[in-house]
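Some notes on the structure that comes next.
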Amino acid sequence: MDTQTILDKINRRRFLQATGAAVASAAFLAACGNTTPGSTGGNGQLVLQQWYHQYGEAGTEEAAKRYAKEYTKTSINLVWKPGDYFTPLNAALLSGNPPDTFEGWLKADQVNAGLIEPLDDLIAPVKDDFSASSLIPYTYNGKVYAIPMIVDTGLLYYRKSILVKAGVNPPETMDELIDAANKLTTGNQKGLFIGNDGGIGALQQIAPWSAGSDFLTADNKIVFNNDRTVLAYKKVRELYQSKSLLLGYTTDWADPGAFISGATAMQWGGLWSMPAIIKALGDDFGVVPWPKLDAQGIPATFSGGWGAMVAAKGKHVQEAKAFTKSLWIDNTKDQQDWSLNYGFHLPPRKSAAASATKLQSGPAADAVSILNQYGKPNPPAWDTTMGTALTDAVTNIVKNGADAKAELAKAEAKCQAELQRIVK
């Protein structure tokens, strides 16, 4: 499961490749509202159409509408899309009437098809103020195609009082993690929760990252088929075979329920879970990155989120770019509001994150440091076909005890074939 698909676990909608079947029907167009992209409103002002997926956090839709209303150079028709977001979005981008601006995850196929407008001119004056990891998912062939809106990351949460009572320190290596999880497992509590699949989804990229390995280089070379990745997946299997993992819980790792209830002493989870954990446990918790594999490894976590894009085939590209710049580059107050007052995310702008009081102390400040030091994103050329090939391999290794080298070789072949198809 790739990093973007990890984010699907938190009320995100699974995406399709940009060149998938376009099925824009009359019913679909009607669902977008009566105002078509780039039309003129009743007051004679140009109307731009802006799309969002349906966020799970309360208040997000009202905030997005408020931002749109505050923009005065054009009218904004905001479309809030519940349910499947990417299928209608991809259909609209391939149609003659795409939304003028929208949020999404950049994929190489979209750029190759000429669907996404480059935004280098917008971001250039402040590019150094964006965290490096936040730009990688939106940069392809040297051009930036989206303005990062929010950044999400993962953390290993641990219950301070439980670890102290057991004489266990927060783990720094995988062996220490396995030992800690075993010691923290009691009759009513498991030591670690990394998902009901035993960590296959959560760790399939993070475990190799913790070994110092990677998946796709900046120049689009497949690099995961190596001895360090093999060792990382063998360690995940060792963890899976232990009796210390919580399995079959009513929610998955992206929800903090297992950690809050005491069903587990440690849980891999998202930054988005922190407000609920603070509300339930106060200061009786801490966070660390995923432990490094061994002395030659490095702590690891993911860096993901959403980006604001402009449709290259829209009727009013320059006006859409101006609105995007106003909201996601010029207006840092609303960027902080969007990231921190509804859910809990990190503003991609370093200056906005540094001045946010909610991020200046405690576990939240630790999370900022963890992301800045260890956060890894996926580049646009890594797509769902590659992610599926890797998931199949990791599942066979971890659950079925399959030969790791052989499984990685098969996954590499599938990923290489997909890479040759999409990279231009």
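The values are calculated or read from the model by the stated rules, or taken from the named source; none is laboratory data. Quantities reported herein were computed from a predicted structural model and do not represent experimental measurements. No Cβ is skipped: glycine too gets one built from the backbone with ideal geometry, and neighbour counts run over all protein chains shown. Quick note on the areas: whole protein, heavy atoms, side chains included, nothing else; ligands and nucleic acids left out. Shrake-Rupley method; radii C 1.70, N 1.55, O 1.52, S 1.80 Å.
Cross-link list K143/K235; K127/K358; K221/K292; K243/K292; K107/K376: which exceed 28 angstrom alpha carbon to alpha carbon?
Exceeds cut-off: K143/K235.
Straight-line reach only, C-alpha to C-alpha below 18 angstrom: list the aspartates and glutamates that K73 could link to, leaving out same-chain residues fewer than 8 apart.
Filter leaves D100, E319, D330, D334.
If I take all pairs of Cα atoms in segment 219-374, what percentage of them are more than 26 Å from each other?
45 percent
How much mean residue ellipticity at 222 nm does the chain get from its helices, if each DSSP H run of length 4 or more adds -39500 (n - 2.57) and you divide by all residues, to the nearest 500 deg cm²/dmol?
When only DSSP H runs of four or more count, the value is -11000 deg cm²/dmol.
At R0 = 41 Å, how high is the FRET efficiency between A63 and V164 if r is their beta carbon distance? Nearest 0.05 is fine.
The pair A63/V164 has a calculated efficiency of 0.55.
Using modelled backbone amide H atoms (1.01 Å from N, in-plane), which distant-in-sequence or interchain residues come within less than 5 Å of K376's amide H?
T301, F302, S303
Give, in nm to one decimal, the length gained when the segment between S369 and V317 is fully stretched (0.36 nm per residue of separation minus the Cα-Cα distance).
That works out to 15.0 nm of additional length.
So how many Å³ per residue does the convex hull of the Cα atoms of segment 82-168 work out to?
Cα convex hull per residue, to the nearest whole number: 173 Å³.
Can you pull the percent of segment 188-314's accessible area that's carbon plus sulfur, 1.4 Å probe, other chains left in place?
52 percent
One quarter of the convex hull surface, Cα atoms only: what value does that give for the chain in nm²?
19.8 nm²
Once neighbouring chains are kept in place and the probe is 1.4 Å, which whole percent of the accessible area of segment 342-424 is contributed by carbon and sulfur?
49 percent
How many angstrom separate the Cα center of segment 368-409 from the Cα center of segment 61-134?
Centre-to-centre (Cα) distance: 28 Å.
Taking all protein chains as present, what is the carbon and sulfur share of the accessible area of segment 70-149, in % to the nearest whole number, probe 1.4 Å?
Carbon and sulfur together cover 52 percent of it.
Residues of the chain: accessible area per residue at 1.4 Å, in Å²?
Here the per-residue accessible area is 39 Å².
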